[in-house]
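So the structure is just underneath, and the comments pick up after that.
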Amino acid sequence: MQTVTIKPRKEIKISVEGENISPDKFGGKTEKEIQSLVAWMGNQKTTIGELFSVKVEGSGPAADTKIVLEGDFSRVKRIGEGMTAGLILINGNVDMHLGAKMSGGKISVNGNADSWAGREMKGGELIVEGNAAYYLGAGYRGESCGMRGGKITVMGNALDFVGEHMCGGEILVKGNTGILPGLSNNGGKIVIGGNTSRPGSEMSKGTIIVNGKVEEMMPVFKLEGDEVVDGVTYRKYTGDVIGNGKGLLYVK
Amino acid sequence: MELLIKNGAVVDPVNGNKGDKTDISIKDGKIVNKVSTKATVIDAGGRLVMAGGVDAHSHIAGAKVNVGRMMRPEDSRSGISPRTKITRPCTGYTVPNVYAMGYRYAQMGYTTVFEAAQAIMKARHTHEELEEIPIIDKGALTLFGSNWPTMDFVREKDMDKLAAYVAWGLLASRGFGVKCVNPGGGEMWGFGKNVTGIDDIVPSFDVTPREIIVSLMKVNEMLGLPHSVHLHCNNLGNPGNYKTTLESMELANQVKASKDRQVMHVTHLLFNSWGGTNWGDFESKADEVANFLNNHDNVTGDMGQMIFGSATTMTADGPKQYANAKLLHAKWSNGDVELEDASGVVPIYYVKQISVHAIMWAIGLELALLTKDPYKMLLTTDHPNGGPFVNYSEVIALLMSNKKRQEEIKSVHEAVHAKNKLPGLDRELDFSEIAIMTRAGTAKVLGLLDTKGHLGVGADADISIYDIKPDQIDPSVEHAKIKSAFSSAAYTIKGGNVVVKDGQITATPPGRTYWVDAKVPQQYHDEMMKDIVKKFKNYYSIQLANYMVQDEYVTHPQVVKAGSVPVEVN
Amino acid sequence: MTVITDALCPFCGCLCDDLTIVVDNNKITDIKNACKLGSAKIMGHHRIEAPMMRADKKSEFKEVSYEEAINEAAQILFKSKRPLLYGWASALCEVHKKGILLAEETGAIIDNTATVCHAPSTLAVHEKGLPSATLGQIKNRSDVTVFWGSNPVHAHPRHMGRYSVFAKGFFQEKGRKGRKVIVVDVRKTETAAMADEFIQVQQGSDYLVISALRAILSGHADVVPESVGGVPKEQLVKLVDTLKSAKFGSIFFGMGLTQSISRYKNIDNAISLITELNAFTKYVITPMRGHYNVTGFGQVCSWETGFATAVDFSRGAPYYNPGETAANDVLMRKETDAAMIIAGDAGAHFPADSVRHLARIPVIQIDPYWNPTTEVSNVVIPVAICGVEVAGTAYRMDGVSLHMRKMIEPTLPTDVEVLDRITERVRELRGE
């Protein structure tokens, strides 16, 4: 078991690209090696060690690596990008692209996550105790698939475009979301605990369940009737009718 | 500046060299008889030396390409490399940025590339991009097949005015040749329709594609243009279209060449050699097309080979592109150009297990293997329609190795066994034939054989050296080595400058832009201009005074002169 | 006295090219054919006459030489860790190329004014493509024209006369009489007043209305509620019929769509509507670009970097992600530590928080005119006016590129010269 604890040395104002903060990159490395991993801050190339204090206990491969981030990481992006195994625990807020393209392992944030958390996720688990921002579990501009697998849980709220272009996997937002969750959905499951608006536009497959209020329904869903899901009665819709979509939208 | 390449195994079919060790002397950007002792020496070490690659049909610059980039940030992000001391950043795979376009061609040993199609009204844009493509010599073919003036003069059967229009259009667009895409269809697409065969009448203009093609061929030869009419046949991409292709190619018999070359070049034949009647009974008719080429000397073609994986279809065949998008449920860009032509851009992904794609892939290869004379079938992928040009080495390896082809056939949809002849073809092209399909033949088809495509005295010093020894390699067995060697040149020399060494860019001089300045008798020009002036007064949305491409957009011109010659017409 | 004919107007995306300019003693004395907006731009107004600098934004500006100002600008950018180069839309393509190179050299983010305007259209194009045509196609063929969230009478005064409504064309010999004009907007604009049909939608509901139209068009009118966005279903059904009846339909859209709720998804949805209409008859869609060369920036940036705008060069290779790399994204997060604003007025058009942040960091302004951006600048470098004093390339809203003439001789250096010198100085500072 390897545990690496990272703390920012001082306040970070210009965003840092932290794609090397990942069990895959830390696994099996010494403290010195981890410190010398590259990190970019704006247009300055620097190292993990320059920006963060690094403490390593034990050793092990990626799958046995736990990274604990203590402090404010609200200006550190791409943490856990592409990770395949291991655990990242963030005790603070974190910047964009958290866990982007991850395919395994687990990330847990004791704070808020900025936009594009879980972008193009393929597997693994991402938990945000606080709030998420825009494009949670979404894709990259122009791609037809965003999230393909894995599970994202947000205990607080999220903003617009949750699960945009989702092709698989599961997103659960306990609080409210912004507009257009499940946009262009082609698979996967989104569950919204609170309120939302304009869900499921251009859906072709997949499932969206809304437990709160839907402020505005898209005029493209066909009401099928009532259905009970996990003991709760919902109005069940299919759509988006425009593309003969077979998506399922459950509204309380 | 003198350079001497020693010890190269030179494959130069134009000058009869099939791999003999020959020294090549270069002075001031040209190949010469010999150089002084002060010359820099490159020891080719017995490795393969060819003239720099010449590509006659590739979508490298202009409005369509840029729309492709704008539509596909997901493509741009897939081929990124940062700037270096001498190179700008590169992006993209099917729609590279301008710098990647030049560097990547050079890295493959290519030194001359022609943009396949530009509308006159948007030619300024094409040249802005061509100007920024480093290293390679280039040019652009100008669209004439659906232009209102073309159709008017064809209807009036006035070849003198048509010739004057083509000459003026080439000047206005700084174009190199006459491009004809789905003739007549561009106008039909103005109201969302299309032509279905070469004898359909285009309403409001009362001409048929047949008449347009024949008339353009006539004036092309009247003007003695270096290249022949370059035709993208009607009915592209429709099962059964091989009939239209054969009918179109027959038209070449109606005009005699004014130069030692074809009178019609038919492009990306992969997409126009289809049998069957629908997607269900779709099959290859490459053999029929190849058979035609084998029996005629006045028509040439190029493959338009398909490469599995990501591609971006982009052509002036507006209606076909819309149909593509609908079929694929893909995003779609359309770009009609008033009074001129159409265009459409649609991303695609070619998959081995999709029967239609597998059959198409095999068709391209059949065209090359069944056409006996490699001068008649150039190697292209209709970049990026069939696939990105960086994959030319894959095509070369497939043509040189039956073993590789058979391995690939095992991995694609089994339909190729029933619908194609490819599995039974064991012909393997040799280095000379490849050199013809990628250099000598292209130069001949384009009318540039004096300075391109060969390594004789007087040729431009555009040379590529590949890391294989032709006398020590069996391409059939070692196809992986062939592919890797042709992907990344050991040396690329452009105009006597080493621009690539071991696959890395070492210099980025600007290339030249070829365009044709054709002269016609003044009275015909004046008559023609009266009609043009009317078109601008009433129909164009810009002023005639602002239409033509200005000098500042072509900073390194290479002008080829041409002009009216009396021509024998059958 | 010289008369320049077929001159181009450097104001809006119409890029009218039929102007006549009369010049006397290097002054423009008469302009024919331009609209009020274009004339005002060409005639110009009081200019900044010399470069000026101030160490802190509360003090008065001090006049300095070009040499000093350029050196200071280079120093600021060289030292910066997250520079922003913004504006560009009122400059020519030749300037854009220099800007992109400077962004590469300084590891900066480069973004243009589309960010507060039509950038959402670009995002929509990533999703759906852009089925469009040159303006002459509309002039010659279009019999149904829709202005959605766009008010050309006000913002593109000659559009309807030259291209879309009053123009006569090959297949539209009757001009206005042969065309049906429909306006969709949140209030009755001047354009709506002269249209054949006006459909009023509730603020922020364009997205829903477009989806409803698409549902009706695809044969699913049954799921559409009785009223969408304040528009009765009947009216929507009728509109679909009208749209389908066209021989050649055209939709022009503006800020009403790009800047209301759902923003780029509004355009995205509209593009899908056009694509779906093409199954029935010919349709094209065109964005009503504001500045005369904002389209040009998108073109140049795309072919040079692979991305249309909002490009981040901090790691030496282009990275594009609006929402992360656009000007206001980094300004609102207070990340930008230096900015150069050229041919664009951030001070006037940016959200208050962004402007507040600009007031805190070193700002270089390159512009012929004093404007709200000047108020937050430290280094101000006046330049010749593109399209009036400097010739070069611009792209019309439909992507047609044209060469702008020089009307009078410049008395100040050009943007290109200034950027060249700044780039050279940056290289010197880097030790090259």
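Roughly speaking, what is the stretch gain from B:Lys193 to B:Lys85, that is 0.36 nm per residue apart minus the C-alpha to C-alpha distance, in nm to one decimal?
Details: separation 108, 0.36 × 108 = 38.88 nm, distance 5.09 nm.
Roughly 33.8 nm would be gained on extension.
Placing +1 on the Cβ of each Lys and Arg and -1 on the Cβ of each Asp and Glu in the stretch C:152-199, which of C:Phe170, C:Val181, C:Ala155 has its Cα farthest towards the positive end of the resulting dipole?
It is C:Phe170.
With both partners inside the stretch A:4-122, how many of the DSSP beta bridges are antiparallel, as a percent to the nearest 5? If you can, show how the numbers build up before the last one.
Details: 11 of 27 bridges.
Restricted to the stretch A:4-122, the bridges split so that about 40 percent are antiparallel.
If you take every residue apart from B:Lys157 with its C-beta less than 12 Å away from the C-beta of B:Lys157, what net charge results, scoring Lys and Arg +1 and Asp and Glu -1? Don't jump to the answer; show the numbers that get you there.
Working: positive: B:Arg155, B:Lys161, B:Lys218; negative: B:Asp152, B:Glu156, B:Asp158, B:Asp160, B:Asp206, B:Glu211.
After counting each charged neighbour, the total is -3.
Under 5 Å between amide hydrogens, which residues at least 5 positions from B:Gly301 or on another chain qualify, with H placed 1.01 Å from N in the peptide plane?
Those qualifying (amide H under 5 Å, at least 5 residues apart or on another chain) are B:Val266, B:Met377, B:Leu378.
Tell me, what is the percent relative contact order of the stretch C:1-63, built from C-alpha pairs under 8 Å that lie six or more residues apart? Can you show the working numbers first?
Details: 80 pairs, mean separation 14.6, N = 63.
Taking the mean separation of contacting Cα pairs over the length of the stretch C:1-63, I get 23 percent.
Remind me, relative contact order of chain B in percent, using alpha carbon pairs under 8 angstrom and six or more residues apart?
Details: 1466 pairs, mean separation 118.4, N = 570.
Relative CO of chain B lands at 21 percent.
Averaged over C:393-402, how many beta carbons belonging to a partner chain fall within 10 Å of each residue's beta carbon?
Average per residue, whole number: 5.
B:Gln472 versus B:Asp43, label points 7 Å from Cα toward the beta carbon: distance in nm?
Roughly 1.3 nm, to one decimal.
Across peptide C:121-128, how many C-beta atoms of other chains are within 10 Å of each residue C-beta, on average?
Details: counts 1, 4, 3, 1, 9, 10, 11, 6.
Rounded to a whole number, the mean comes out at 6.
Going by the alpha-carbon gyration tensor, a ≥ b ≥ c the square roots of its eigenvalues, is the stretch B:56-127 rounded (a/c under 1.5) or, if a/c is not under 1.5, prolate (a/b greater than b/c) versus oblate?
On the way: a/c = 1.97, a/b = 1.29, b/c = 1.52.
Here the stretch B:56-127 falls in the oblate category.
Classify the stretch B:508-562 from the C-alpha gyration tensor, please: rounded if a/c falls under 1.5, else prolate or oblate depending on whether a/b exceeds b/c. If you can, show how the numbers build up before the last one.
Details: a/c = 4.47, a/b = 1.60, b/c = 2.80.
Since a/c reaches 1.5 but b/c is at least a/b, the shape of the stretch B:508-562 is classed as oblate.
Please identify the GluC sites (Glu not before Pro) of the stretch B:123-208 that satisfy two criteria: DSSP loop assignment and at most 15 other Cβ atoms within 10 Å. Which are they? Mind dumping the intermediate values first?
Details: sites: B:Glu128, B:Glu129, B:Glu131, B:Glu132, B:Glu156, B:Glu187; in loops: B:Glu156.
For GluC sites (Glu not before Pro) across the stretch B:123-208 that sit outside H, G, I, E and B with at most 15 neighbouring Cβ atoms in 10 Å, the list reads B:Glu156.
Just add up the charged neighbours of A:Arg119: K/R +1, D/E -1, any other residue whose Cβ is under 12 Å from the Cβ of A:Arg119. Kindly include the intermediate steps, with their values, before the conclusion.
Values: positive: A:Lys77, A:Arg78, A:Lys101, A:Lys122, A:Arg141, A:Arg148; negative: A:Glu81, A:Asp114, A:Glu120, A:Glu143, A:Glu164, C:Glu324.
Taking every other residue near A:Arg119 into account, the sum is 0.
Filter A:Lys222/C:Lys233; B:Lys64/B:Lys530; B:Lys64/C:Lys41 down to the pairs with a C-alpha to C-alpha distance above 26 Å, please. Write out the running numbers ahead of the final one.
Working: A:Lys222/C:Lys233 16 Å; B:Lys64/B:Lys530 31 Å; B:Lys64/C:Lys41 32 Å.
Beyond 26 Å between Cα atoms: B:Lys64/B:Lys530; B:Lys64/C:Lys41.
Using DSSP H assignments, which helices in chain B have an axial alpha-carbon span of 18 Å or above and a mean Kyte-Doolittle hydropathy of 1.0 or higher?
Once both thresholds are applied, what remains is B:355-370.
Calculate the length of the line joining the C-alpha centroid of the stretch C:341-412 to that of the stretch A:65-113, in whole Å.
Here the answer is 41 Å between Cα centres.
Round to a whole angstrom and tell me the spacing of the C-alpha centers of the stretch B:409-451 and the stretch B:231-292.
16 Å
Positive end of the dipole of the stretch C:1-74, charges at C-beta (+1 Lys, Arg; -1 Asp, Glu), about the Cα centre: which of C:Val22, C:Met53, C:Cys35 has its Cα farthest in that direction?
In the stretch C:1-74, that residue is C:Cys35.
Using 15 Å as the cut-off for backbone N distance, which residues of the stretch A:152-171 belong to the label zone defined by a point 7 Å from the Cα of A:Ser144 along Cα→Cβ?
A:165-168
Before rounding to the nearest 500, sum -39500 (n - 2.57) across all DSSP H runs of length at least 4 in chain A and divide by the residue total; then give [θ] at 222 nm in deg cm²/dmol. Could the numbers behind the result be given before it?
Numbers: 3 runs with 13 residues, N = 252.
Mean residue ellipticity at 222 nm (helix-derived): -1000 deg cm²/dmol.
Rounded to the nearest 5, what is the percent of antiparallel bridges among the DSSP beta bridges in the stretch A:64-114?
Values: 0 of 11 bridges.
In the stretch A:64-114, DSSP labels about 0 percent of beta bridges as antiparallel.
So what's the gap between the Cα centers of the stretch A:191-248 and the stretch A:36-58, to the nearest angstrom?
Their Cα centres are 45 Å away from one another.
Can you tally the net charge around B:Asn7? Count Lys and Arg as +1, Asp and Glu as -1, for every other residue whose Cβ sits under 10 Å from the Cβ of B:Asn7. List each step's numbers first, then the result.
Details: positive: B:Lys6, B:Lys21, B:Arg47; negative: B:Asp23, B:Asp43.
Around B:Asn7, the surrounding residues sum to +1.
With every protein chain left in place, what is the accessible area per residue of chain B in square angstrom, probe 1.4 Å? Let's see the in-between values first.
Numbers: 17570 Å² over 570 residues.
I get 31 Å² per residue for chain B.
Can you tell me the dipole magnitude for the protein assembly as shown around its Cα centre, using point charges on the Cβ only (Lys, Arg +1; Asp, Glu -1), in Debye to the nearest 20? Mind showing how you got there, number by number?
Numbers: 138 positive and 143 negative charges, 213 e Å.
With only Lys, Arg, Asp and Glu charged at Cβ, the dipole is about 1020 debye.
What 222 nm value per residue comes from the helices of chain C, counting each DSSP H run with n ≥ 4 as -39,500 (n - 2.57) and dividing by all residues, nearest 500 deg cm²/dmol? Can you show the working numbers first?
Details: 17 runs with 152 residues, N = 432.
Counting only the DSSP helices, I get -10000 deg cm²/dmol.
Can you compute the helix-only [θ] at 222 nm over chain B? Use -39500 (n - 2.57) per DSSP H run of at least 4 residues, normalise by all residues, nearest 500 deg cm²/dmol. Let's see the in-between values first.
Working: 19 runs with 180 residues, N = 570.
My calculation for chain B gives -9000 deg cm²/dmol from helical runs alone.
Among DSSP beta bridges whose residues both lie in chain B, state the antiparallel percentage, nearest 5. Spell out each step's value before the answer.
Values: 41 of 79 bridges.
Rounded to the nearest five, the antiparallel share is 50 percent.
What size of dipole, in debye to the nearest 20, comes out for chain B about its Cα centre when the only charges are +1 on Lys and Arg C-beta atoms and -1 on Asp and Glu C-beta atoms?
Values: 60 positive and 65 negative charges, 231 e Å.
The calculation lands at about 1100 debye.
Per-residue mean of other chain beta-carbon atoms within 10 angstrom of the beta-carbon, peptide A:127-140?
On the way: counts 0, 0, 0, 0, 0, 0, 1, 2, 3, 0, 0, 0, 1, 6.
Partner Cβ neighbours, averaged per residue: 1.
By average Cβ neighbour count within 10 Å, what is the ranking of C:418-429, B:452-463 from highest down?
On the way: C:418-429: 18.9, B:452-463: 23.8.
With the highest mean Cβ count within 10 Å placed first, the list reads B:452-463, C:418-429.
Could you tell me which of A:Gly178, A:Gly188, A:Asn157 has its Cα farthest along the dipole of the stretch A:156-252 towards the positive end, charges placed at Cβ (Lys, Arg +1; Asp, Glu -1), taken about the Cα centre?
A:Gly188
Per residue, how much accessible surface does the stretch A:186-252 expose to a 1.4 Å probe? Answer in Å², no decimals.
Details: 2790 Å² over 67 residues.
Computed with neighbouring chains in place, this is 42 Å² per residue.
How much accessible area is lost when chains B and C come together, counting both sides, with a 1.4 Å probe, in Å² rounded to the nearest 100? Intermediate results must be reported in sequence, preceding the final value.
Working: alone 20260 and 18030 Å², together 33370 Å².
Adding both sides of the contact gives about 4900 Å².
Within the stretch B:394-484, how many Lys pairs that are eight or more residues apart, or on different chains, come under 18 Å at the alpha-carbon?
11
Which cross-chain or sequence-distant (5 or more) residues have an amide H under 5 Å from the amide H of C:Ala34, H modelled 1.01 Å from N in plane?
HN-HN under 5 Å from C:Ala34: C:Thr20.
Using unit Cβ charges (K, R positive; D, E negative) and no other charged atoms, how large, in debye to the nearest 20, is the dipole of the stretch B:442-486 about its Cα centre?
Details: 5 positive and 7 negative charges, 25 e Å.
Computed about the Cα centre, the dipole is about 120 debye.
Which of rounded, prolate, oblate describes the protein assembly as shown, given a ≥ b ≥ c as roots of the alpha-carbon gyration tensor eigenvalues and a/c under 1.5 marking rounded, otherwise prolate only if a/b is larger than b/c?
Numbers: a/c = 1.30, a/b = 1.21, b/c = 1.08.
Judged from the Cα gyration tensor, the protein assembly as shown comes out rounded (a/c under 1.5).
Counting only residues 5 or more places away or on other chains, whose amide H sits under 5 Å from the amide H of A:Val16 once H atoms are built in the peptide plane?
Those lying under 5 Å, H to H, from A:Val16 are A:Val76, A:Lys77.
Hey, any idea what % of the protein assembly as shown's accessible area is carbon plus sulfur with a 1.4 Å probe? List each step's numbers first, then the result.
Details: 20140 of 40630 Å².
That share works out to 50 percent.
The values are calculated or read from the model by the stated rules, or taken from the named source; none is laboratory data. All of these numbers come straight from a predicted model, not from anything done at the bench. Here the Cβ is made from the backbone with ideal geometry for all residues, glycine too, and neighbour counts use every protein chain on show. Just so you know, the surface numbers come from the protein's heavy atoms only, side chains and all, with ligands and any DNA or RNA stripped out. Shrake-Rupley method; radii C 1.70, N 1.55, O 1.52, S 1.80 Å.
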